[in-house]
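In what follows, a single structure is set out as structure tokens and then discussed.
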Amino acid sequence: MKRTVTIILMGFGRVGRAFAHLLEEKRNLCAERYGLELELKAILELGGGTVFSRHQELSRLLKNASPRLQDDLSWNPGLTLEEILPKMEPGVLVDCTVSSLKTGEPGLGFLNKALECGWHVATAGKGGLVFDFKNLMKKARTKGLKIKFSGATAAALPTLDVGLYSLAGAEILGIEGILNGTTNYILTRMDQGLGYEAALSEARQKGIAEPDPSMDVEGWDTASKILLISNAVVGTEFTFRDIKVEGITNISPEVLRAAKEEGKAVKLLGTLLKQGNQFAAEVRICPLEPGHPLFGVSGTNKGITFFTDTMGSISVIGGKSDPRGAAAALLKDILNIYR
Ligand code: HSE
């Protein structure tokens with residue numbers, strides 16, 4: 001028997017659009033393999049949105065040449081999430097909006113409203129979770145709902161799935177991660193002799209750097225990810241105040257050259273270390289020895305290593321860093337909510 005899952009999508013930027021297209025592409029697979037009819041019922045942006053009464057309306061919108069939702073004839077100015085949430089059978093709210101890491105908004109408001117109305121959440125946005133992780137999780141728990149955020153924690157690279165499921169029962173002694181594709185790509189290209197600006201420009205062309213890449217290159221994207229992974233997997237209650245953050249904007253070619261001469265590879269790592277009973281998190285530039293599991297992770301690839309008491313060290317490497325990879329992480333989370 002098939003089950004229908006109602007989905008509301010917040011945000012129709014690069015990731016939001018990729019997600020809507022991926023749902024179309026994987027519609028039959030989701031139905032056949034998982035018995036789930038994933039129905040995207042509405043797409044909202046900050047100034048309004050569109051509600052679809054029939055699936056054909058969504059298909060038509062996605063075939064439309066203009067990528068702007070506002071240009072579509074179905075655009076309903078002023079339409080809000082509050083208005084539509086209570087009118088639909090609760091399913092999953094997918095948040096692809098870009099939220100402030102300082103206030104959590106607008107994502108925080110969307111997540112809270114969705115949970116209050118009985119909807120699960122799958123988010124690629126980090127702001128709301130970074131800002132108010134503890135309260136959001138508590139709210140979801142008391143209502144028997146799920147908040148999934150693979151899309152906010154290195155997306156296509158499985159980080160939470162490994163930390164939460166595969167390492168159950170193990171003590172996590174530390175985590176090291178190359179969690180941002182843009183910085184890893186820039187460091188790789190600089191190691192090959194390219195200048196910083198030229199490498200960043202390539203990362204933009206590849207669609208991995210954000211339109212405003214400051215969060216990527218200043219280390220805040222990595223900081224958000226290690227913070228969320230740590231809070232979810234080892235139960236810390238970190239906010240940005242608890243993390244020392246270094247970016248790659250001022251890295252000199254000499255640092256890369258010196259590391260290369262010693263046979264090392266320079267990486268921007270998000271780290272978590274257990275000291276006694278306390279955990280400390282940091283984002284820092286680190287020359288890795290050839291024996292390190294993340295030494296060979298280059299280009300747009302990412303990677304994470306968990307150090308444990310009973311299972312040794314476990315590393316996962318790879319994962320696309322582009323919007324399609326982020327969309328795939330959202331889809332995975334939705335399927336896993338209902339499995
Ligand atoms: N632009 C990011 C990256 C993804 O380079 O991996 C956003 O979290």
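The values are calculated or read from the model by the stated rules, or taken from the named source; none is laboratory data. Because the structure is a prediction, the values reported are computed rather than measured. Positions of Cβ are backbone-derived with ideal geometry, glycine not excepted, and every protein chain shown enters the neighbour counts. Quick note on the areas: whole protein, heavy atoms, side chains included, nothing else; ligands and nucleic acids left out. Shrake-Rupley method; radii C 1.70, N 1.55, O 1.52, S 1.80 Å.
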*Look through segment 224-251, keep the residues that are among the basic types (K, R) and at pLDDT 95 or above, and return whichever of them is nearest to V130 (Cα to Cα).*
K225
*Mind telling me which of the residues S298, S321, S315 ends up being over 12 Å from L187 (Cβ atoms), part of a loop (DSSP other than H, G, I, E, B) and either in contact with a Leu (Cβ under 8 Å, 6 or more places away or on another chain) or among the small types (G, A, S) (or both)?*
S321
*Being of a type in the set (G, A, S), under 23 Å from V5 (Cβ atoms) and within 25 Å of the chain's Cα centre (by Cα) is the filter; apply it to segment 42-72 and report the residue that is surrounded by the most Cβ atoms within 10 Å (Cβ to Cβ).*
G49
_Scan of segment 144-164 for residues that are over 16 Å from L228 (Cα atoms) and among the aromatic types (F, W, Y), ordered by number_ = none
*Which ones in segment 131-158 are farther than 19 Å from V15 by Cα and either in a helix (DSSP H, G or I) or of a type in the set (S, T, N, Q) (or both)?*
F131, D132, F133, K134, N135, L136, M137, K138, K139, A140, R141, T142
*Looking only at helices (runs of 4 or more DSSP H) that fall completely inside segment 185-281, which ones have 3 or more residues that are away from the ligand (no atom under 16 Å from the Cβ) and open to solvent by 60 Å² or more (accessible area, probe 1.4 Å)?*
253-261
*Only residues in segment 310-339 that are farther than 10 Å from A156 by Cβ and free of Cβ contacts under 8 Å to residues at least 12 places away in the same chain count as the first member; pair them with residues that are open to solvent by 30 Å² or more (accessible area, probe 1.4 Å) and assigned to a loop (DSSP other than H, G, I, E, B), Cβ under 8 angstrom, at least 6 apart or cross-chain, and list the lot.*
none
*If you check L164 against the conditions, is it open to solvent by 60 Å² or more (accessible area, probe 1.4 Å), at pLDDT 95 or above, closer than 21 Å to K332 by Cβ and among the aliphatic types (A, V, I, L, M)?*
yes
_Testing L111 on (1) more than 16 Å from the ligand (Cβ to nearest atom); (2) part of a helix (DSSP H, G or I); (3) under 23 Å from E39 (Cβ atoms); (4) in contact (Cβ under 8 Å) with a residue 60 or more places away in the chain, one condition comes back false. Which one is that?_
(4)
*Working only within segment 85-106, note down all residues that are open to solvent by less than 10 Å² (accessible area, probe 1.4 Å) and in contact (Cβ under 8 Å) with a residue 40 or more places away in the chain.*
L85, G91, V92, L93, V94, D95
*Give me the pairs, please: first residue somewhere in segment 203-227 and without any contact (Cβ under 8 Å) to a residue 60 or more places away in the chain and more than 18 Å from V15 (Cβ to Cβ), second residue anywhere and in a loop (DSSP other than H, G, I, E, B) and open to solvent by 10 Å² or more (accessible area, probe 1.4 Å), beta-carbon distance under 7 Å, and either six or more positions apart or on two chains.*
V217/G247; V217/T249; E218/G247; E218/T249
